[in-house]
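K.L.:
Structure below; questions to follow.
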Amino acid sequence: MPIQSYPLSHLSAFSPLLLDYLDEKPNLKNLYQNSPNIAGFKNQLADKKSFPIGHRKALVEVLQDQYQGLENAPAFEKLLDSTTFTVTTGHQLNLMTGPLYVIYKIVSTINLAKRLKAKYPAYHFIPVYWMATEDHDWDEINHVHLNQKTYSWNTQQQGAVGRFTLEGISDFLHSLPYSLPIFQKAYSQSKTLTEAVRCYMHELFGAEGLICLDADDARLKSLFHPIMEADLLEHVHESLVESQNQHLNDLGYKTQINARGINLFYLQDGIRERIEKQGEYYHVLNQSIQFSLEELKNELQLHPERFSPNVVLRPLYQECILPNLAYLGGPAEVAYWLQLKGIFDHHRVPYPIVLPRNFALLLPSVEQKRIEKLGIKISDLFLPESSLIRKYVLENTLYSLDFQQEMEAVDPILEQMVWKAKQVDPTLEGSILAERQRWINGLERMAKKLKRAEERNHETAIRQIQQVKARLFPHGNWQERYDNLLDFYLDKPSLIQDLLDSFDPLHFELYVIPLQSPNA
């Protein structure tokens, strides 16, 4: 079975906002700058050409420091060249790479850099993995699923996860059913979770030119100082985002995020808490830390690294410190980026081209054979299990299970009975109507009984459908949002290369990638 692809619109799994954006519907044109296609990058290059050389120098200096000790570090000096640009994806610091879609994000970004180089050879393009080191939602990333079982790293550390030390992680590593030397090396030779993730991502993708950036750095935060000050003192961003949200709501789309009066956290070791203005003072929630106006301005000036942007400002921070052309993310990320153009325009920062990362379904040979035998369409697998079974039974029964025709035939007779009863005695109309409804209810019950009886005739097929769904959609989740790379990589070491060979970041479809059995 060759690799197949299916349009996202055929899967009943993506929001109207994403699909309409990719179709470039006119009502969404004011939510972004340049079109999400290869031609749009011509304008994007022009928009970003004036990226400050001082920002490039700071970026290179930070990256050189962060990659100390790693072999075959990327050639960061290219970023000093005004013809070099980045394309970026970002994600939390999951354990062991986390769910499959993290890998898909990175491969999509690497391949976009390659596509752009082929189209615009006078420029250079570097793929970047923005490490969400300042994120503090530990419960979201403290585990990994292997063989559909969950393995967790238990630690009492708090605050920005990228600053977590690796004390105690050996128990987690020993509990895993399998691993790879690159992970053992990364976790044993690193001091923090950030260092470990950078180490194994460099091992996996460094040869493809990937750069892993930790933006939790005073030198980079200082470049973002004016915007952080505007957020803290002028509260300019809440109304800009809310205006965009209202526009989306008026068009009938759902929004993902909301801005606050202040969109910054206060960040120190063990702490990442929201800042709120209460009266004349600025308070760090859940802490005994507060600042007067002058104290806050002084703290921001001396320690910009102690201020951490939330989901509203993080995209803007990214575009201020990177010569970036595009951001690749999941469906929800694309949706919330479309809420943010107002704040980019306000600060005169070029808005990047926003693209969905590639989507894939890895299809083991056992499931492939079952699907072919059952005659199920790949797109139907994305239906709820009950809907898929119902569809299969209706398509494979020898007899029609739809009683609509019979109901339509009986209905005129019942209507005639009602009419006759009214002529003889108008008071009988109610009882005749009730009798008519009982007939209809009886036919509906009979139709349900027939469908259940027919399902019993297809018990073996239904059991196979359930097995396929359980394997490809574990615990009701998309495979790519649950399964880990190691569930496939150990049997198919070429998997990452296969993804690099298959994914087209400007081809907005689901890739179905067959996996050959290791014993075949």
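The values are calculated or read from the model by the stated rules, or taken from the named source; none is laboratory data. This one's a predicted model, so the numbers in the text were calculated from it and none came from an experiment. Methodologically, a virtual Cβ is constructed for each residue, glycine included, from the backbone with ideal geometry; neighbour enumeration extends over all protein chains shown. SASA here: full protein model, heavy atoms, side chains in, ligands and nucleic acids out. Shrake-Rupley method; radii C 1.70, N 1.55, O 1.52, S 1.80 Å.
K.L.:
Hey, any hits in region 334-341 for a residue that's touching a residue at least 40 places away in the same chain (Cβ under 8 Å), within 17 Å of Ser35 (Cα to Cα), open to solvent by 20 Å² or more (accessible area, probe 1.4 Å) and touching a helix residue (DSSP H, G or I) at 6+ places or on another chain (Cβ under 8 Å)?
P.N.:
Scanning region 334-341 turns up at least one residue that is touching a residue at least 40 places away in the same chain (Cβ under 8 Å), within 17 Å of Ser35 (Cα to Cα), open to solvent by 20 Å² or more (accessible area, probe 1.4 Å) and touching a helix residue (DSSP H, G or I) at 6+ places or on another chain (Cβ under 8 Å).
K.L.:
For region 280-300, give me each residue that is open to solvent by 60 Å² or more (accessible area, probe 1.4 Å) and of a type outside the set (A, V, I, L, M). Steps first, answer last, please.
P.N.:
Initially, region 280-300 is screened for residues open to solvent by 60 Å² or more (accessible area, probe 1.4 Å), giving 280-281, 286-288, 290, 293-295, 297-298.
Those that are open to solvent by 60 Å² or more (accessible area, probe 1.4 Å) and of a type outside the set (A, V, I, L, M): Glu280, Tyr281, Asn286, Gln287, Ser288, Gln290, Glu294, Glu295, Lys297, Asn298.
K.L.:
Residue by residue through region 187-199, note down the ones that are crowded, with 21+ Cβ neighbours inside 10 Å and of a type in the set (Ser, Thr, Tyr).
P.N.:
Tyr187, Thr194
K.L.:
Since Ile182 meets every condition but one in (1) surrounded by 20 or more Cβ atoms within 10 Å (Cβ to Cβ); (2) under 19 Å from Asp487 (Cβ atoms), which condition does it not meet?
P.N.:
Among (1) surrounded by 20 or more Cβ atoms within 10 Å (Cβ to Cβ); (2) under 19 Å from Asp487 (Cβ atoms), Ile182 violates only (1).
K.L.:
Would you be able to tell me the number of residues in region 10-26 that are open to solvent by less than 70 Å² (accessible area, probe 1.4 Å) and either of a type in the set (Ser, Thr, Tyr) or modelled with pLDDT under 95 (or both)? I'd like the intermediate steps shown before the answer.
P.N.:
The initial filter retains those residues of region 10-26 that are open to solvent by less than 70 Å² (accessible area, probe 1.4 Å), namely 11, 13-15, 17-22, 24.
Of the ones still in play, those that are also either of a type in the set (Ser, Thr, Tyr) or modelled with pLDDT under 95 (or both) are 11, 13-15, 21.
Total meeting the criteria: 5.
K.L.:
Can I ask one more? With respect to Val107, determine if the residue is part of a strand (DSSP E or B), among the aliphatic types (A, V, I, L, M), open to solvent by less than 30 Å² (accessible area, probe 1.4 Å) and closer than 24 Å to Leu180 by Cα.
P.N.:
On the way: part of a strand (DSSP E or B): no; among the aliphatic types (A, V, I, L, M): yes; open to solvent by less than 30 Å² (accessible area, probe 1.4 Å): yes; closer than 24 Å to Leu180 by Cα: yes.
Criteria not met by Val107.
K.L.:
Moving on to the next point. Answer yes if at least one residue in region 83-91 is surrounded by 19 or more Cβ atoms within 10 Å (Cβ to Cβ), in contact (Cβ under 8 Å) with a residue 24 or more places away in the chain and part of a helix (DSSP H, G or I), and no otherwise.
P.N.:
As a first pass, look at region 83-91 and keep what is surrounded by 19 or more Cβ atoms within 10 Å (Cβ to Cβ): 85-91.
This time we only want the ones that are in contact (Cβ under 8 Å) with a residue 24 or more places away in the chain, so: 85-91.
Right, trim to part of a helix (DSSP H, G or I) and you get none.
No; the residues of region 83-91 include none that is surrounded by 19 or more Cβ atoms within 10 Å (Cβ to Cβ), in contact (Cβ under 8 Å) with a residue 24 or more places away in the chain and part of a helix (DSSP H, G or I).
K.L.:
Let me ask another. Looking at region 350-375, which of its residues are of a type in the set (A, V, I, L, M, F, W, C) and open to solvent by 20 Å² or more (accessible area, probe 1.4 Å)?
P.N.:
The initial filter retains those residues of region 350-375 that are of a type in the set (A, V, I, L, M, F, W, C), namely 353-355, 359-363, 366, 371, 374.
Val366, the sole residue that qualifies.
K.L.:
If a residue has to be among the aliphatic types (A, V, I, L, M), closer than 17 Å to Val197 by Cβ and part of a loop (DSSP other than H, G, I, E, B) to count, how many in region 60-82 make the cut? Break it down stepwise before answering.
P.N.:
Residues of region 60-82 that are among the aliphatic types (A, V, I, L, M), as a first pass: 60, 62-63, 70, 73, 75, 79-80.
After this cut, where a residue has to be closer than 17 Å to Val197 by Cβ as well, the list is 62-63, 70, 73.
Still in the running and part of a loop (DSSP other than H, G, I, E, B): 70, 73.
Count: 2.
K.L.:
Something else: Taking the condition of being touching a Ser or Thr at 6+ places or on another chain (Cβ under 8 Å) and either open to solvent by less than 20 Å² (accessible area, probe 1.4 Å) or in a strand (DSSP E or B) (or both), how many residues in region 469-520 meet it?
P.N.:
Of the residues in that region, 12 qualify.
K.L.:
Could you list, in sequence order, all residues of region 159-173 that are surrounded by fewer than 17 Cβ atoms within 10 Å (Cβ to Cβ) and modelled with pLDDT of 95 or more?
P.N.:
Filtering region 159-173 down to residues surrounded by fewer than 17 Cβ atoms within 10 Å (Cβ to Cβ) leaves 165, 167-168, 170-171.
Once the filter is applied, which keeps residues that are surrounded by fewer than 17 Cβ atoms within 10 Å (Cβ to Cβ) and modelled with pLDDT of 95 or more, region 159-173 yields only Thr165.
K.L.:
Mind telling me which of the residues Gln4, Gln64, Gln33 ends up being open to solvent by 50 Å² or more (accessible area, probe 1.4 Å), at pLDDT below 95, of a type in the set (S, T, N, Q) and more than 21 Å from the chain's Cα centre (by Cα)? Even if it seems obvious, please write down each step before you answer.
P.N.:
Working: Gln64 fails: at pLDDT below 95; Gln33 fails: at pLDDT below 95.
Sole residue among the options that is open to solvent by 50 Å² or more (accessible area, probe 1.4 Å), at pLDDT below 95, of a type in the set (S, T, N, Q) and more than 21 Å from the chain's Cα centre (by Cα): Gln4.
Per-residue answers, yes or no, for (1) touching a strand residue (DSSP E or B) at 6+ places or on another chain (Cβ under 9 Å); (2) charged (D, E, K, R):
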| residue | (1), (2) |
| --- | --- |
| Arg260 | yes, yes |
| Leu264 | yes, no |
| Asn310 | yes, no |
| Tyr317 | yes, no |
| Gly329 | yes, no |
| Leu338 | yes, no |
| Val349 | no, no |
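K.L.:
Look at Tyr336 and say whether it is closer than 28 Å to Arg481 by Cα, in a helix (DSSP H, G or I) and in contact with a Pro (Cβ under 8 Å, 6 or more places away or on another chain). Spell out the reasoning first.
P.N.:
On the way: closer than 28 Å to Arg481 by Cα: yes; in a helix (DSSP H, G or I): yes; in contact with a Pro (Cβ under 8 Å, 6 or more places away or on another chain): no.
So Tyr336 does not fit the description; no.
K.L.:
Would you confirm, using the coordinates I've provided, whether Leu398 is at pLDDT 90 or above and of a type in the set (A, V, I, L, M, F, W, C)?
P.N.:
Considered against the rule, which asks whether it is at pLDDT 90 or above and of a type in the set (A, V, I, L, M, F, W, C), Leu398 comes out as no.
K.L.:
Here is a further query. Among the numbered criteria (1) of a type outside the set (A, V, I, L, M); (2) open to solvent by less than 20 Å² (accessible area, probe 1.4 Å); (3) closer than 19 Å to Gly330 by Cα; (4) touching a Leu at 6+ places or on another chain (Cβ under 9 Å), which one does Asp135 miss?
P.N.:
For Asp135, the exception is condition (2).
K.L.:
Filter region 367-393 down to the residues that are touching a helix residue (DSSP H, G or I) at 6+ places or on another chain (Cβ under 8 Å), part of a helix (DSSP H, G or I) and more than 30 Å from Glu24 (Cβ to Cβ) and list them by number.
P.N.:
Result: Glu367, Arg370, Ile371, Lys373, Leu374, Glu385, Leu388, Ile389, Arg390, Lys391, Tyr392, Val393.
K.L.:
Moving on to the next point. Would region 355-362 turn up any residue that is basic (Lys, Arg) and at pLDDT 90 or above?
P.N.:
First pass over region 355-362, keeping only residues basic (Lys, Arg): 357.
Now drop any that are not at pLDDT 90 or above, which leaves 357.
Looking for residues that are basic (Lys, Arg) and at pLDDT 90 or above, one finds at least one in region 355-362, hence yes.
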